[in-house]
Amino acid sequence: RKAQLQSSAYSSWVKARENDDFASFAPSLQQCFDLAKEIAALQRTDENISLYSQMLDEFEMGMAASRIDELFGQVQEALVPLLGKVKSSPHKPDLSPLFPNAECGQETAEEGKGGFPINAQKELSRTLVTSLGYDPCHGRIDTSVHPFTMSFSPMDVRITSRFTTSEWLQGLMGTIHEGGHAM
């Protein structure tokens, strides 16, 4: 049941993303959440443990939801004032490298006509993630609809990212993020 739902939800998500129509994916996402809760409830051996803590244990063994709340509270306490200072600062960064067609009155490059060739983005991403420690001799870097990391063994760890000609940051950051998982 879980595998069937994952497969159909993924197909629904790909279609919704292509059509920029999240509402069409929402029912599938809700079914995924409901099934995850059902599985966590069945796995839970102590009724005093929250379902979230039970689900979290699959990815961060021994980490309670209360500890996650504490950690994010600390991050929020530090970041919110910092972001406020940055946003209200009179010193604004030069964003022109992010928008190659800004001088033509366009805020962003038109899809398919942008200034960020996909092959150049892939090469930059590969160079950076390799310089950070990812070993391409023991894996590969591919393109997918959504970035992810998959490990078949310590000698075969694959990462994916996505790229678009209209901007470069998403592909680069996705590759670095997934490279971090892979290492």
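Assorted remarks:
- 37 °C / 0.692 mPa s Stokes-Einstein diffusion coefficient of the stretch 117-180, Kirkwood radius on C-alpha pairs, µm²/s: 286
- Taking every DSSP bridge with both residues inside the chain, close to 50 percent are antiparallel.
- For LYS37, a cut-off of 22 angstrom between C-alpha atoms picks up these lysines, skipping any fewer than 8 places away in its own chain: LYS2.
- Base-10 log of normalised Debye intensity for the chain (one unit scatterer per alpha-carbon) at q = 0.19 Å⁻¹: -1.31
- Protection proxy ranking for 74-87, 34-47, 149-162, using the average of other Cβ atoms within 10 Å per residue and placing the highest first: 149-162, 34-47, 74-87.
- Couplings 3J(HN,Hα) for the stretch 166-183, derived from phi with the Karplus relation 6.51 cos²θ - 1.76 cosθ + 1.60 (θ = phi - 60°), are 7, 7, 10, 5, 4, x, 5, 5, x, 5, 5, 4, 5, x, x, 5, 5, 7 Hz, where x marks Gly and Pro.
Bear in mind that the values in this text are calculations on the coordinates, not laboratory data. Given the structure is predicted, the values throughout are model-derived calculations rather than measurements. Ideal geometry is used to build each Cβ from the backbone, glycine not excepted, and the neighbour counts take in all protein chains shown.
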